[in-house]
Amino acid sequence: MLNRKQKMNLLKLLSLFSVVRGYNIWVIVLAQYLASIYIFSSHLPLRKVIFDGNLFAIVAASALAIASGYIINNFYDAEKDLINRPKKTMLDRLVSQRFKLTTYFILNFLSVIIASYVSFRAVVFFSAYIFGIWLYSHKLKKVTFLGNIISATLAITPFFAVFIYYKNFDLVIFVHAVFLFLIILIREMVKDLENMKGDLVYGYQTIPIKYGEGVSKWFISALTVLTLIPSYLLISKFEVGYMDIFFYSCMGLLVCFVVMLWKATSKRQYVLIHNLLKFIIVSGVFSILLIDMNLVWNRIF
């Protein structure tokens, strides 16, 4: 049986995990490795990719920078989240703001130090990435639509770090990137609908606050239609193996998403369609395996 102090320490550890959204970071780490194996360096032996020290350093630096980003975002949004996510915020507040900031600086320092193992350019890249996250959290997040675009860009930036490392400039990679960017951008705009109450109180100039829910829904619907274009191209113009199953399914889910979007009127409904987008993103990560299900076994030796 745990005593009271041990239970409190366990809750604080859980709180910190909640603040840095550890589950998201693990998904991103997995996505970076799967993308490296199946997309960025499909011509290299499997062992050379998995045991590449530089790739590990890039992924580790990304994970630490992202974790610190979640911390600083949580720091600036603490009051707003108390309105939008009261239960999660109460858990997050088990860890003091001072401790969060200390952890933020430590994680950033470690991220840059690990990046230095790769090259000076990696240090510059991750330093700029960390600064970009801070600038977004501190200022740009409140700017209409620009905040959404920057948030989506920052979300896919860790994949560009791997992309630049392998110097693979195949067109299929850019089409994948456009698809992912649009899905994340749509998700960010749905979050604005979900968080209208807190955004209104604290002066966030999001599209639904500034122009209304209707305009926001039209904007999201237009972006959803645009997302169908890279989906179609990846199915018809590029060799993606059995991953075309994911893109066909995604196109169907996006149609359902638009229908649900226009019917949604409450926060609970917006949370539901937000979770649908999360499902699409996470499914997309695991569906990378479908590009060539025999690839791993063929490249072990």
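The values are calculated or read from the model by the stated rules, or taken from the named source; none is laboratory data. Keep in mind it's a predicted model, so treat the numbers as computed, not measured. Cβ placement follows ideal geometry from the backbone for every residue including glycine, while neighbour counts extend to all protein chains displayed.
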**Asked** Does region 134-154 contain any residue that is polar (S, T, N, Q), assigned to a helix (DSSP H, G or I) and surrounded by fewer than 18 Cβ atoms within 10 Å (Cβ to Cβ)?
**Response** yes
**Asked** Which one is modelled with the highest pLDDT, of the residues in region 41-74 that are charged (D, E, K, R) and assigned to a helix (DSSP H, G or I)?
**Response** LYS48
**Asked** For THR157, are the conditions met, namely being among the hydroxyl-bearing types (Ser, Thr, Tyr), in a loop (DSSP other than H, G, I, E, B) and in the same structural domain as ASN54 (by TED's automatic domain parsing)?
**Response** no
**Item:** Tally of residues being touching a residue at least 24 places away in the same chain (Cβ under 8 Å) and in a helix (DSSP H, G or I) across region 106-123
**Value:** 8
**Asked** Are there any helices (runs of 4 or more DSSP H) wholly within region 204-301 with 3 or more residues that are surrounded by 15 or more Cβ atoms within 10 Å (Cβ to Cβ), and if so which?
**Response** 207-210, 213-236, 244-263, 267-287
